[in-house]
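Read through the structure below, which is laid out as structure tokens, and then see the notes.
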Amino acid sequence: MSVPYETCGTHEAFESPDACLQRLLARTLNSFELPDETLSRLDTALAYDSCLHSAAHHSDGRRRETYRHVWLVADGSAVTLWELTHNTGPDGRLHHEVYTDQEELRIATARLPLPSAEPEALEGAPPLVVDDRTAQPPPGREYEWGDSPDHARRVLRRAENTDRPGEEVAVLLAGAFAHQITQAFGRLDPLSGRRAGFSLYEHAFLLADGREVSLWEVEHTATPDGRHMCEVYETEDAAQSAMERRAASL
């Protein structure tokens, strides 16, 4: 399905984040309700992305779409605005509204005179549900939005291995929009007459251009004095090899 309005961000590379914001505010009927704090944060926007979040089309011509707009701001956090578009008014024209969180969006959507507030099928087509970002994460990804660059800095800062990811990776992750932490491995094994703990975590980051970058963090107590130690690698294979080396050294 084609997106029935003009987008920018990843779709219009030549528009600035501020220009995208101004176009959004100009077309929404309730932009004056946005908190001053939100608008102040958006004044420092560095990057922008948008995607169709959900859609419901009905056989009588009425329709509803929701869009997620995300700006990366100067402090490294993300600001999200939710846009609701619909043609359910008496004039039948397409109207735009904007909200700061999904609960406000849900309440506004529930007020629309539509048979259902849930995504429905296009007439004569299978059910359509478009969710999450334009660059879809792998199945099972549930990203957290906000403070992702700071999370990446903390992971890299606590790494004690000399072959940890370098400055190039740190600069790349400074542009992350979202992240997810997954425990890939964890165990306590009796090694050399003692118990050593090993845990492997994947820190997955979603970048502004839709790419995914992962850091693999090994936490273990396979040290001479049994203290806790963190190591970080760019690949899962490198992290697994590090755990094997540590276990063999005990």
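Only one of the numbered conditions (1) modelled with pLDDT of 80 or more; (2) in contact with a helix residue (DSSP H, G or I) (Cβ under 6 Å, 6 or more places away or on another chain); (3) not aliphatic (A, V, I, L, M) is violated by residue 165, and that is (2).
Looking for something surrounded by fewer than 14 Cβ atoms within 10 Å (Cβ to Cβ), out of contact with any Gly (no Cβ under 9 Å at 6 or more places or on another chain), within 22 Å of residue 46 (Cα to Cα) and at pLDDT below 90 - is there at least one such residue anywhere in region 183-201? The answer is no, given that none of the residues of region 183-201 is surrounded by fewer than 14 Cβ atoms within 10 Å (Cβ to Cβ), out of contact with any Gly (no Cβ under 9 Å at 6 or more places or on another chain), within 22 Å of residue 46 (Cα to Cα) and at pLDDT below 90. Here the condition is being of a type outside the set (S, T, N, Q) and at pLDDT 90 or above; of 52, 72, 24, it holds for 24 alone. Scanning region 195-225 for residues that are more than 22 Å from residue 49 (Cβ to Cβ) and of a type in the set (S, T, N, Q) turns up 199, 221, 223. Does at least one position in region 60-72 carry a residue that is at negative phi, crowded, with 19+ Cβ neighbours inside 10 Å, more than 13 Å from the chain's Cα centre (by Cα) and among the aliphatic types (A, V, I, L, M)? No, there is no match, as no residue in region 60-72 is at negative phi, crowded, with 19+ Cβ neighbours inside 10 Å, more than 13 Å from the chain's Cα centre (by Cα) and among the aliphatic types (A, V, I, L, M).
The values are calculated or read from the model by the stated rules, or taken from the named source; none is laboratory data. What you are looking at is a predicted structure, and each value in this text was computed from that prediction instead of being measured. Positions of Cβ are backbone-derived with ideal geometry, glycine not excepted, and every protein chain shown enters the neighbour counts.
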